[in-house]
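Peer 1: This is the structure I want to talk about, given as structure tokens.
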Amino acid sequence: MKKIAAVLLAILLHGIALPASAQTYELVVAGASPGGLWSNLGIGIDRAMKASYPGSVMTYQTSGGGLANIGLLEGGKVPLGIAHNAELKLALAGDKPFSHPIKNMRAIAYLYNWAPMQLIMTKAFADQHGIRTFEDIAGKKPPVRVAVNRRGNIAATVAERMFAAIGVTPADIKKWGGDVIYAASQEQTTLYKDGRVDLIFNSLFVKQGSLIDATESVQSVVLPVSDATIAKINADMGTQKFVIPANAYKGQTDAVPTATVGAGLITTDKLDDKTAYDLAKALHQNIAQMQGVHKAMQALTPELLVAFDVIPYHPGAVRYYKEAGLMK
């Protein structure tokens, strides 16, 4: 007992550091609706932190999604959140739904960048109007009925901005005799299979179930997007180029370029450096915990963790990634 007391006294008097494993965290991560991919990401973040810092608890808080999470972070309501690159681009510019520019967001890690904007059109409509590319819609002015995601979902905003990049507005589409319908992914597929829309335009993982259902039920084409349009939308929305591999869908024999939405774990410049450092370390050293929460996350690599380029990385995260050789 005297020896134990002496060791404890030495720690107090001389500031000897306790082992890193003694550090624990209780943090909240704002995500989206329960049951989706982001819920799984919350589980992965929690597992990664527990592996590095036993006893830590990462509480997943449901929210309205990335746009709401940016507001929660700015207001100091939560220390961490998940948000899309395109949502952060809107925040930086102060575009709707934000009332002013938000400049204090900081990245901890990029989590995925493979949710491409996919354009699935019925082959009958494409053949009838000579549509072979996304840009053909602007030139041919067909009466296309297009389904995009619900208002407030970033995929709907990106779709509208992509149309704007080729000089097309929702009003133009209606003037041509078409329509823009805002619907969730599964509802889009139902509308498509029932012949009530001609085009699905949504950000989803390749081979997502609703798109497999749509393309196996209706003879379809996947429209490519030109490099010029991709460059415009990337500059506007912080997206990146993505190539949908050939044969992802029935009848799609060629690889198809488009833009992709991605998402990352973010915080603000108010988070202390040590916490940011330890978060980055846990995610990197326990990346298998993130890869294992969903089959789509198996593509996550250490290199992707540091590839978020819309906002700066938190200095604490930068310090870890440099030590790990992932950043210069």
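Please treat every number below as a calculation from the coordinates, not as lab data. Because the structure is predicted, anything quoted here is derived from the model rather than measured. Heads up, the Cβs are rebuilt from the backbone with ideal geometry, glycines too, and the neighbour counts pull from every protein chain shown.
Peer 1: Divide the volume of the convex hull of the Cα atoms of the range 115-260 by its number of residues and quote the answer in cubic angstrom per residue.
Peer 2: 91
Peer 1: If each of LYS207 and ALA51 carries a label point 7 Å out from its Cα toward its Cβ, how far apart are those two points in nm?
Peer 2: 2.4
Peer 1: Turning to a different aspect of this structure: Given only helices, namely DSSP H runs of n ≥ 4 each adding -39500 (n - 2.57), what is the per-residue ellipticity at 222 nm of the chain, to the nearest 500 deg cm²/dmol?
Peer 2: Mean residue ellipticity at 222 nm (helix-derived): -12000 deg cm²/dmol.
Peer 1: DSSP beta bridges in the chain, what fraction antiparallel, as a percent rounded to 5?
Peer 2: Bridges in the chain that DSSP calls antiparallel: roughly 60 percent.
Peer 1: May I pose another question? Hey, can you grab everything whose amide H is under 5 Å from the amide H of VAL57? Only 5+ residues off in sequence or another chain; H modelled, so Pro and N-termini drop out.
Peer 2: When sequence neighbours closer than 5 places are left aside, the close amide H contacts are TYR25, GLU26, LEU27.
Peer 1: Extending each Cα 7 Å along its Cβ direction at THR190 and ASP273, get the distance between those two points in nm, one decimal.
Peer 2: Distance between label points: 5.4 nm.
Peer 1: How about LYS193: which aspartates and glutamates have a C-alpha closer than 19 Å to its C-alpha, ignoring those fewer than 8 places off in the same chain?
Peer 2: Straight-line reach from LYS193, under 19 Å: ASP127, ASP179, ASP213, GLU216.
Peer 1: As a test, work out the antiparallel percent of DSSP beta bridges whose residues both lie in the range 115-260, rounded to the nearest 5.
Peer 2: Looking only at bridges with both residues in the range 115-260, the antiparallel portion is about 65 percent.
Peer 1: Quick one: what are the phi-derived ³J(HN,Hα) couplings along the range 130-138, Karplus 6.51/-1.76/1.60 with θ = phi - 60°, whole Hz, x for glycine and proline?
Peer 2: Taking θ as phi minus 60°, the curve returns x, 8, 10, 9, 4, 5, 4, 4, 5 Hz for the range 130-138.
Peer 1: Let me ask something else. May I ask for the distance between the Cα centers of the range 257-291 and the range 93-144, given as a whole number of Å?
Peer 2: Going from one Cα centre to the other spans 25 Å.
Peer 1: I need to check one value: relative contact order of the chain, counting alpha carbon pairs closer than 8 Å and at least 6 residues apart, in percent.
Peer 2: Once divided by the residue count of the chain, the mean separation gives 23 percent.
Peer 1: Amide H of ALA184 versus every other amide H placed in the peptide plane: which residues, excluding those fewer than 5 positions away on the same chain, fall under 5 Å?
Peer 2: So ALA184 has HN proximity to ARG150.
Peer 1: Moving on. Enumerate the calculated ³J(HN,Hα) couplings along the range 258-275 in order (Karplus 6.51 cos²θ - 1.76 cosθ + 1.60, θ = phi - 60°), each rounded to whole Hz, writing x wherever the residue is Gly or Pro.
Peer 2: Values per residue, Gly and Pro as x: 7, 9, 10, 8, x, 9, x, 8, 10, 8, 10, 6, 7, 5, 6, 4, 5, 4 Hz.
Peer 1: Of ASN113, VAL222, ILE166, which is farthest along the charge dipole of the chain in the positive direction, counting Lys and Arg as +1 and Asp and Glu as -1 at C-beta?
Peer 2: ASN113
Peer 1: Another one. Work out the length of the dipole vector of the chain about its Cα centre, built from +1 on the beta-carbon of each Lys and Arg and -1 on the beta-carbon of each Asp and Glu, and round it to the nearest 20 debye.
Peer 2: The calculated dipole for the chain is roughly 440 debye.
Peer 1: Mean shadow of the chain, computed from the convex hull of its alpha carbons, in nm²?
Peer 2: 18.9
Peer 1: Got a sec to turn the phi values of the range 144-160 into Karplus ³J(HN,Hα) couplings, 6.51 cos²θ - 1.76 cosθ + 1.60 with θ = phi - 60°, whole Hz, x for Gly and Pro?
Peer 2: Result, rounded to whole Hz: 7, 9, 10, 9, 10, 5, 4, 4, x, 7, 4, 5, 5, 5, 5, 4, 4.
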